[in-house]
Amino acid sequence: MIKIEYPPYQPKIKKEKGKEFIFDEVRKQWLMLTPEEWVRQNFLQYLLQVKKYPASLIAVEKEIQLGELKKRFDIVVYDKNTLPWMIIECKEMNVVLDASVLNQVLRYNQVLKVPFLVITNGRNTVAYSTVNNELVELLELPDWIEQ
């Protein structure tokens, strides 16, 4: 398990017609504020502010083709050659990070083939590197290095 020290963050939040929205600085758009979106936005701030991952190389909620199915990943970080480098699956805080969550990110990795996999619910974060088709649990997220 990785201890995440979230940076101070003052999200832009607005109310419209009784619903709350949060501004996503990566996608440059307002999104309905759900428990999972709260986790995703705070984790994005951690990646940008603490880990210094470049915003220009982060994709959020993009569709991928998984066999016959179309799925949406939460966050993918690309390397400087714009190759997928890390997949991050976000869940709301009350979701346990169990085998089903790990299997979800592993299915996405069948298509994206990244060296780093991360699952988080905002409170708990687990990260893995993929070495020779084996998962090795990490003690911290890798630093951004211009590969």
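The values are calculated or read from the model by the stated rules, or taken from the named source; none is laboratory data. Only a predicted model underlies this, so the values are computations on that prediction, with no experimental measurement involved. Every residue, glycine as well, gets a Cβ built from its backbone with ideal geometry; the counts of neighbours run over all protein chains shown. With ligands, DNA and RNA removed, areas are computed over all heavy atoms of the protein, side chains included. Shrake-Rupley method; radii C 1.70, N 1.55, O 1.52, S 1.80 Å.
Step by step: first the residues of region 62-78, then only those that are surrounded by 10 or more Cβ atoms within 10 Å (Cβ to Cβ), modelled with pLDDT under 90 and not in a loop (DSSP other than H, G, I, E, B), then the one that is nearest to the chain's Cα centre (by Cα). Which residue is that? Checked region 62-78; the qualifying residue nearest to the chain's Cα centre (by Cα) is R72.
The residues of region 119-144 that are of a type in the set (A, V, I, L, M, F, W, C), open to solvent by less than 20 Å² (accessible area, probe 1.4 Å) and either out of contact with any strand residue (DSSP E or B) (no Cβ under 9 Å at 6 or more places or on another chain) or in contact (Cβ under 8 Å) with a residue 40 or more places away in the chain (or both), listed by number, are V126, A127, L141. Is region 38-48 home to any residue that is open to solvent by 20 Å² or more (accessible area, probe 1.4 Å), in contact (Cβ under 8 Å) with a residue 12 or more places away in the chain and more than 14 Å from the chain's Cα centre (by Cα)? No, every residue in region 38-48 fails to be open to solvent by 20 Å² or more (accessible area, probe 1.4 Å), in contact (Cβ under 8 Å) with a residue 12 or more places away in the chain and more than 14 Å from the chain's Cα centre (by Cα). Among all positions in region 91-99, there is at least one residue which is at pLDDT 95 or above, within 14 Å of the chain's Cα centre (by Cα) and buried (at least 18 other Cβ atoms within 10 Å of the Cβ).
Among the residues making up region 5-40, those that are among the polar types (S, T, N, Q) and not in a strand (DSSP E or B) are Q10, T34. Among the residues of region 78-111, those identified as farther than 18 Å from I2 by Cα and of a type in the set (A, V, I, L, M) are L83, L106, V111. Residue pairs whose Cβ atoms lie under 8 Å apart, sitting 6 or more positions apart in sequence or on different chains, and linking a residue in region 1-27 that is touching a residue at least 60 places away in the same chain (Cβ under 8 Å) and closer than 15 Å to L47 by Cβ to a partner that is surrounded by 11 or more Cβ atoms within 10 Å (Cβ to Cβ) and among the aromatic types (F, W, Y), are I4/F43; I4/Y46. For region 1-45, the set of residues classified as of a type in the set (F, W, Y) and within 22 Å of T82 (Cβ to Cβ) consists of F43 only.
What number of residues within region 104-147 are in a loop (DSSP other than H, G, I, E, B) and closer than 24 Å to P54 by Cβ? Looking only at that region, the number is 14. Take the conditions over 22 Å from P11 (Cβ atoms) and among the basic types (K, R) and apply them to K70. Does it pass? Considered against the rule, which asks whether it is over 22 Å from P11 (Cβ atoms) and among the basic types (K, R), K70 comes out as yes. Filtering region 47-61 down to residues that are in a helix (DSSP H, G or I) and not aliphatic (A, V, I, L, M), which residue is nearest to Q29 (Cα to Cα)? Top of the filtered list is S56.
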